[in-house]
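The values are calculated or read from the model by the stated rules, or taken from the named source; none is laboratory data. Computed from a prediction, not measured in an experiment: that's the story for all the values here. Counting neighbours? That spans all protein chains shown, and the Cβs are built from the backbone with ideal geometry, glycine included. Surface areas here come from the heavy atoms of the whole protein model, side chains and all, with no ligands, DNA or RNA. Shrake-Rupley method; radii C 1.70, N 1.55, O 1.52, S 1.80 Å.
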Amino acid sequence: MKIDGQLRTSIWYDRNKSCVSILDQTQLPFSIKYIDLTEVDHFITAIRTMQVRGAPLIGVTGAFGLAFALKENPSDMYIEEISFRIANARPTAVNLQWAVDEVLNAIKYVDTDSRFDIALRTAKKIRQDDIENCSLIGDYGLKIIQNLYDSISNKRTINILTHCNAGWLATIDWGTAIAPIYKAQEAGIPIHVWVDETRPRNQGTSLTAFELGQQGIAHTIIPDNTGGHLMQHGMVDLCIVGSDRTTTQGDVCNKIGTYLKALAAFDNNVPFYAALPCSTFDWSITDGIKEIPIEQRDAIEVTHMTGVNSDNIINTIRISPESSPVANYGFDVTPAKYITGIITEKGIFKANKDSLYQLKQQLGLS
Ligand code: MRU
């Protein structure tokens, strides 16, 4: 995808500098800054501070981080300790643990001298696979948008609501929830996106709006509480969101507030899809509400807001009374019963045990 007309990705291995470069998402949409990561602690900090964020992207970052850790110290004892630290840098998105496990499996029977090379190759493959998977998610999701468009007699613009950022910035390219929108644009279907601001960190306002604008897709930022009203007035044709962890019965854990959008969609007969790569499935759990660990983040994300002042200087200001306590849950779980379908790189599945068991079989996991 593009920034200022130039093709960009969120993370890549820079062979000349022997480092991993990332687009620093904490600076968006105000400035475009890239950071070079060379030590494992840089990777962990980038994930924790959300310089990189979004489930697939933190998975890829974790995989590269583990490779760089092995460059420093390939011993068995260190691998165990460091892979635990990386996988727990953020607790909810299962892609991080999945990607760390992929690297660990790849180096299982490899002598210490070759571990870095094999781990790096594996991380690059995870990155490349993510691009291909997101493109396929886009192709499958496009079918849903195309069918909707074909069913509308006056061929008007299709209005899609999304929450948080599940676009190319949350992955490597294309995105998950936004990939079908990019594919629809290519197919010439007129699209307009309602972008939930996504408090407290405003990933909708600062990231989704940014990337849609850069790609020339019509969009409108809305306060988080607006979606229900729009749906009641027929102004939303479809909701598509991403996921950080999906269970065997089809419960979807995504950015806090997703659940309320799904309830509003259900009440108003608006189709509600989750788009995700298969690495987002946690095949070990069934009940998302009981079993998914929900990240709680620093109160400052709620009590303060960051933006640019009239001199274009980035500033953080407090918006709450100094002494008020804060709860900052990063994610919530949308039960399967509110989800119309799950769009993956393997096709579109129903959010229920039988349908997802078929997917598990297709993946050779059962
Ligand atoms: O806290 P974030 O910004 O990492 O949360 C991201 C989301 O909730 C995304 O919707 C999810 O990771 C899917 S990304 C394709």
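Between the helical axis of 115-151 and the longest alpha-carbon principal axis of the chain there is an angle of about 10 degrees. In this structure, Asp36 and Thr306 have a Cβ-Cβ separation that, at R0 = 25 Å, corresponds to a calculated FRET efficiency of about 0.60. Here the relative contact order of region 2-128, from alpha carbon pairs under 8 Å that lie six or more residues apart, stands at 22 percent. Summing +1 for each Lys or Arg and -1 for each Asp or Glu among the other residues whose beta-carbon sits under 13 angstrom from that of Ile82 gives -3.
Would any residue of region 334-353 have its amide N under 18 Å from a label point 7 Å out along Cα→Cβ of Gln361? List them or say none. Answer for region 334-353: 346-353. In plain terms, the bigger the Kirkwood radius, the slower the diffusion; for region 2-128, with that radius from Cα pairs, at 20 °C and 1.002 mPa s, Stokes-Einstein puts D at 148 µm²/s.
Axis of helix 94-107 versus longest Cα principal axis of the chain: the two differ by about 30°, to the nearest ten degrees. Using C-alpha pairs below 8 Å separated by at least 6 residues, the relative contact order for region 135-362 is 21 percent.
Rolling a 1.4 Å probe across the protein heavy atoms gives the chain an accessible surface of 44 Å² per residue.
The region of the chain that goes longest without hitting one of the trypsin sites (Lys or Arg not before Pro) in a DSSP loop, each with at most 11 other Cβ atoms within 10 Å, is 157-366.
How are the alpha carbon pair distances in the chain distributed across 20 Å bins from zero to the largest one, expressed in percent? Reading upward from the zero bin: 30, 59, 11, 0. Given R0 = 25 Å, the distance between the Cβ atoms of Ile289 and Asn88 translates into a calculated FRET efficiency of 0.70. The label-point distance for Asp354 and Gln27, in a model that sets each label 7 Å from Cα toward Cβ, rounds to 5.3 nm. Taking packing as the residue-averaged number of other Cβ atoms within 10 angstrom, the listed peptides 54-60, 97-103 run from highest to lowest as 54-60, 97-103. Angle of helix 353-362 to the longest C-alpha principal axis of the chain, folded into 0 to 90 degrees and rounded to 10: 50°. Charges were assigned to the Cβ only: +1 to each Lys and Arg, -1 to each Asp and Glu. The resulting dipole of region 222-366 about its Cα centre is roughly 420 debye. Share of carbon and sulfur in the accessible area of the chain stands at 49%, probe radius 1.4 Å.
With R₀ set to 45 Å, the beta-carbon distance separating Val326 from Ser18 gives a calculated FRET efficiency near 0.60.
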